[in-house]
Amino acid sequence: MAGTVLLIEDEHSIGSLVRAYLDRDGYQAVWVRSGEEGLAEVDRHPIRLVILDVGLPGMDGFEVCRRLRAGSSVPIIMLTARDEEPDRVAGLEVGADDYVAKPFSPRELMARVKAVLRRTEPRSRDEVLQEGDVTLWRSAHEVEVAGGRVDLTGKEFDLLAFFLENPGAVLSRELLLDRVWGMEYPGETRTVDVHVGQLRKKLGRPGLIETVRGAGYKVPRRPAR
């Protein structure tokens, strides 16, 4: 089981569809039709994420989000029938982690659920990452090559760390944008190419990050000695 998702949605057709997709992806869905019920359910279950409709009867989604945020850091995705900037800004300002406009693709919503959980849940990570003579220290935010320090920008550091966390895996430009820059990053995949080029130049190890034509990049696994 992938955890419990609280769905607060008063429209039966949408609620049924979203619950079916949550069930399919292994989540336990708790579905309620009002904000007041939703706030009560948060105290009854170990909620991993909330999907919250803005246009609820009685207490609207913005107020529900505000009250949730007053006592919880649970990730929140808001649903709205209006894809207008003031609504998106209002949702994010009261503490929502993402915003999806109706009508939406259920598969896109599930992808956003997974993306929000990746961004908001801590992962157990090695403090020191190493590949060949390249060493990265997370807490010190330092990188050395053959014992010499290399100065990287914040994004270059994060990008290198993600590569070193996934040796041998082909990482697409879209995945790198999602994991390193965040899902809402407005740039294009060319941004990844530029940063990879800068990393290769600064590290002086062009073979550390290989280009996989038509697929992305990878740090090749080195045979154990």
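Read the figures in this text as sums done on the coordinates, not as results from a lab. The model shown is predicted, which means the values in this text are computed figures rather than measured ones. Ideal geometry is used to build each Cβ from the backbone, glycine not excepted, and the neighbour counts take in all protein chains shown.
For the reader, a short list of remarks on this structure follows.
- Share, in percent, of DSSP beta bridges within the chain that are antiparallel, nearest 5: 45
- Vicinal HN-Hα couplings computed from phi for the stretch 202-214 (Karplus, 6.51 cos²θ - 1.76 cosθ + 1.60; Hz; Gly/Pro x): 5, 6, x, 10, x, x, 5, 10, 8, 8, 9, 3, x
- Cross-link reach is defined here as a Cα-Cα straight distance under 12 Å, omitting same-chain residues fewer than 8 places apart; for Lys201 the aspartates and glutamates meeting it are Asp151, Glu156.
- Extending 7 Å from the Cα toward the beta-carbon at both Glu174 and Asp10 defines two label points whose distance is 3.6 nm.
- Entry for Kirkwood radius over Cα pairs in Å (calculated from the structure that is shown) out of (i) 18.5; (ii) 19.7; (iii) 17.4: (ii)
- Folded to 0 to 90 degrees: helix 106-120 orientation relative to the chain principal axis, Cα: 60
- Calculated [222 nm] ellipticity per residue, helices only, for the chain: -11500 deg cm²/dmol; basis is -39500 (n - 2.57) per DSSP H run with n ≥ 4, divided by all residues, nearest 500.
- The relative contact order of the chain comes to 12 percent, based on Cα pairs under 8 Å that sit 6 or more residues apart.
- Ignoring aspartates and glutamates fewer than eight residues from Lys218 along the same chain, the ones with Cα atoms less than 13 angstrom from its Cα are Glu131, Glu165, Asp193, Glu210.
- Local net charge near Leu6, Cβ-Cβ under 9 Å (Lys/Arg +1, Asp/Glu -1): 0
- Under 15 Å from Lys102, Cα to Cα: aspartates and glutamates that are on another chain or at least 8 residues apart: Glu9, Asp10, Glu11, Asp53, Asp83, Glu84, Glu85, Asp87
- Rounded tilt (10° steps) of 61-71 against the dominant C-alpha axis of the chain: 60
- Unit charges on C-beta of K, R, D, E only; dipole of the chain, Debye: 1160
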